[in-house]
Structures are given as C-alpha cells and as structure tokens.
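Bear in mind these aren't lab numbers, they're just calculated from the coordinates by the rules spelled out. As the structure is a computational prediction, the values presented were derived from the model and not from experiment. Glycine also receives a Cβ, built like all others from the backbone with ideal geometry; neighbour counts cover every protein chain displayed.
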Amino acid sequence: MKLHTLRPAKGATHKEKRLGRGEASGKGGTATKGNKGGQSRAGYKSKMAHEGGQMPIQRRIPKRGFKNPGRVEYKVLNLGQIDHIVEKYGLTEINPENLYVNGLLSQTDLIKILGNGEIKSKVSFKVNAISEKARASVEAAGGSVEIVK
C-alpha cells in the first residue's frame, strides 16, 4: 500500500448536489426550496425558538419560583473535609488562595465553614463565613478564625 494510491471505499463518497444549475440538472428553477416565502430567499435565518407560528415552548410553560438577585452563594466545607485537606496538602492556613492553588475551588468562590465532623490539627482560617459550632471547634483545637470580605 502506498500513500498515493489511497482512496475512499467504493460507495463511501457521493457527488455534491448542484442546486440551481439549470433545468437539465433536475434541481434548477427553485433549487429545491419551493415557491416564494422567506425560506426560499437568500440570507434567510429563522429566529431562535421559532416554532412556525405554534406557541413557543418558553411561552407555553408557566413561570415558577423566584431567583433572588442578591443571593450570596458559598462554597461549603465541613470540618471533617478541612481535616482531610490539611492532612493531604499539608496546610497550616485555610484561605481562598491556598484552596485555589490546590485546585479545590475557583478564584471567585466564597468559602463558608460548617461544623460537621471534627478538626484535630491547629489551623488558622481566613474565610468569608463560619458557623458558631465550627468557630468553637476550631478555637478549641487551638486554631484561629478571621472573617474576610
């Protein structure tokens, strides 16, 4: 086998339909687009979500719920997870930079610490929010907590 002899398998390729190239081609005249209307004309583009006059789905389905534009989303970490992270990565301080560098959250995430589990090592925290139970556990283990905005 040589590179210059390679070709597709028989029947694998088809000739391109040549539309609008005269009546003899069988695809002349309207070039298979039908008669008149937007879809037969050059530059036609249907609008997004257009369903041909039928009521579109975004108008058929009722609105539900409420999205609060002022909601603050936190990346939640429990004390048990923190203990595991401290052992795995050898951290002495939990802050957004350390967690971002180790690939545990994105740069814009806000961190909240919750009190599920227990922390055994002395760790200092610089986080956006912390629960009372978690704060008490951290301070009992000898750590410190600083709230950053």
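The HN-Hα couplings worked out from phi for segment 95-111 by the Karplus form 6.51 cos²θ - 1.76 cosθ + 1.60 (θ = phi - 60°) are 9, x, 5, 4, 5, 5, 4, 8, x, 8, 7, 8, 5, 8, 5, 9, 10 Hz, whole numbers, x standing for Gly and Pro. Taking the longest Cα principal axis of the chain as reference, the axis of helix 79-89 is set at about 80 degrees. Among Lys88, Lys67, the order by Cβ neighbours within 10 angstrom, fewest to most, reads Lys67, Lys88.
How long is the gain from His50 to Tyr100 if the chain were fully straight, where each residue apart is worth 0.36 nm and the alpha carbon distance is subtracted?
Values: separation 50, 0.36 × 50 = 18.00 nm, distance 4.28 nm.
Here the answer is 13.7 nm.
Taking a straight line from the alpha carbon of Lys10, these lysines sit under 20 Å away, with near neighbours fewer than eight places off in the same chain left out: Lys2. Looking at the square roots a ≥ b ≥ c of the eigenvalues of the Cα gyration tensor of segment 82-121, which shape do they give, rounded for a/c under 1.5, prolate if a/b is larger than b/c, or oblate? It is oblate, given that a/c is not under 1.5 and a/b is not larger than b/c.
Do the alpha carbons of any pairs in Lys88/Lys112; Lys67/Lys133; Lys15/Lys36; Lys47/Lys67 sit beyond 25 Å of each other, and which pairs?
Working: Lys88/Lys112 20 Å; Lys67/Lys133 30 Å; Lys15/Lys36 28 Å; Lys47/Lys67 27 Å.
In this structure, Lys67/Lys133; Lys15/Lys36; Lys47/Lys67 lie more than 25 Å apart at Cα.
Neighbours of Leu19, meaning other residues whose beta-carbon lies under 12 angstrom from its beta-carbon, give a summed charge of +4 when Lys and Arg score +1 and Asp and Glu score -1. Using the Karplus relation 6.51 cos²θ - 1.76 cosθ + 1.60 with θ = phi - 60°, the per-residue 3J(HN,Hα) values for segment 60-77 come to 6, 8, x, 7, 9, x, 8, 9, 7, x, x, 5, 10, 8, 10, 8, 8, 10 Hz, with x marking Gly and Pro. Neighbour counts of C-beta atoms inside 10 Å place Arg64, Arg59 in the sequence Arg64, Arg59, starting with the fewest.
Arranged by the count of other C-beta atoms within 10 angstrom, fewest first, what order do Phe66, Phe125 take?
Details: Phe66 6, Phe125 22.
Placing the least packed residue first, the sequence is Phe66, Phe125.
When shorter helices are ignored and each DSSP H run of at least 4 residues is given -39500 (n - 2.57), the per-residue value for the chain at 222 nm works out to -5000 deg cm²/dmol.
When a/c is below 1.5 the answer is rounded, else prolate if a/b is larger than b/c, else oblate, so apply that to segment 1-45 with a ≥ b ≥ c taken from the square roots of the Cα gyration tensor eigenvalues. Show your work: numbers first, answer last.
On the way: a/c = 4.41, a/b = 2.62, b/c = 1.68.
Prolate is the answer for segment 1-45, as a/c is 1.5 or above and a/b outweighs b/c.
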